[in-house]
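Notes for the one structure printed next.
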Ligand code: PYC
């Protein structure tokens with residue numbers, strides 16, 4: 001084990017989805033691009049991830065965030081996101097949680113903050129009223145209306161899109177997006193995820209599509225749509241999912257259904273909201289998402305060498 005026996009963390013939630021920011025006690029990942037440091041974390045210190053977010057200290061829903069020195073000289077901080085089964089490229093709700101936490105600690109003030117991530121730099125703006133906007137990485141649809149044969153359900157058609165992670169976005173399905181159907185929604189989206197992998201349907205460069213996103217009619221507060229997002233480790237996103245909302249806006253723009261300046265109000269399965277907008281630049285579509293985060297705990301994780309589950313329960 002190459003990391004400390006005491007790890008300082010602060011927990012927050014963004015629209016219901018938790019983020020655990022690691023402040024110290026992390027392994028030395030060296031310098032260089034965040035993508036290289038992520039690779040080092042994955043290959044040499046993966047048990048740090050399971051120690052921080054897996055049971056018995058954490059649970060399947062928590063997204064971990066490792067605060068690092070940025071590599072991009074234009075950035076103020078660097079962050080690597082991880083979950084119960086692996087690593088994320090970017091994380092919209094997690095970035096809001098990190099910004100809220102740094103403000104809580106008095107390390108940052110309202111204003112613009114540039115954040116280096118393994119998939120590129122993003123900008124987070126903290127407003128005086130506590131709202132946080134994340135200007136995400138370039139997002140795009142890589143394949144329109146792809147049909148996958150899902151055992152037990154039949155053919156399912158959706159778009160493949162990048163919003164900082166890979167998504168399969170399905171509008172046409174028979175499910176009601178209501179919390180009381182969470183088991184059925186999870187089984188359905190997990191079956192889609194497995195079928196995509198088995199049938200070789202991937203994002204660019206063969207990257208696995210590890211987030212499945214269903215859309216349905218909105219229920220609350222002038223939202224345009226409600227979603228259900230299945231995350232890579234089979235937990236559903238309690239928030240509307242920042243990277244998923246980015247992928248959705250890229251698809252809407254590609255279909256001529258969302259223009260720069262228009263607001264896309266995305267509601268989660270809980271009814272929590274992100275407001276999305278997009279900017280179209282020469283090289284493509286750059287979405288932003290706005291929401292709020294709240295601090296829930298500040299504590300120290302303790303690693304007891306006598307504890308058989310000191311490094312977390314590993315699947
Ligand atoms: O907000 O981008 C997001 C996200 C990804 C996975 C969970 N939340």
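With R₀ fixed at 41 Å, the C-beta to C-beta distance from residue 281 to residue 1 puts the FRET efficiency at about 0.35.
With 0.36 nm allotted per residue and the present C-alpha distance subtracted, the residue 179-residue 147 stretch has 8.9 nm of extension available. The order of 221, 40, going from fewest to most other C-beta atoms within 10 Å of their C-beta, is 221, 40. Rounded to the nearest 10 degrees, the inclination of helix 182-198 to the longest alpha-carbon principal axis of the chain is 90 degrees.
As a calculated quantity, the FRET efficiency between residue 259 and residue 43 at R0 = 35 Å, using C-beta atoms, amounts to about 0.20. For the range 248-312 versus the range 36-77, the inter-centroid distance based on Cα atoms is 17 Å. The mean sequence separation of alpha-carbon pairs under 8 Å and at least six residues apart, normalised by the residue count of the chain, gives a relative contact order of 21 percent. Taking the longest Cα principal axis of the chain as reference, the axis of helix 242-254 is set at about 30 degrees.
In the chain, one over the average inverse separation of all distinct C-alpha pairs is 19.6 Å, which is the Kirkwood hydrodynamic radius. With neighbour counts taken as other beta-carbon atoms within 10 Å, the residues 310, 96, 249 rank, fewest first, as 310, 249, 96.
Put a dot 7 Å past the Cα of residue 127, heading toward its Cβ, do the same for residue 190, and the two dots end up 3.9 nm apart. Listing 147, 101, 243 from fewest to most neighbouring C-beta atoms within 10 Å gives 147, 101, 243.
Taking 0.36 nm per residue of sequence separation and removing the Cα-Cα distance, the residue 60/residue 36 pair yields an extension gain of 6.1 nm.
Using the alpha-carbon atoms, what tilt in degrees (0 to 90, nearest 10) does helix 34-44 show relative to the longest principal axis of the chain? So the inclination is approximately 70 degrees.
Model label sites at residue 300 and residue 74, defined 7 Å from Cα along the beta-carbon direction, differ in position by 4.0 nm. As a rough guide to protection, the peptides 41-50, 130-139, 83-92 ranked by mean Cβ packing within 10 Å, highest first, stand as 83-92, 130-139, 41-50.
Readers should treat all values here as calculations from the given coordinates under stated rules, not as data from a laboratory. All values derive from a computational prediction rather than experimental measurement. Neighbour counts are summed over all protein chains in view; Cβ atoms, including those assigned to glycine, are modelled from backbone coordinates with ideal geometry.
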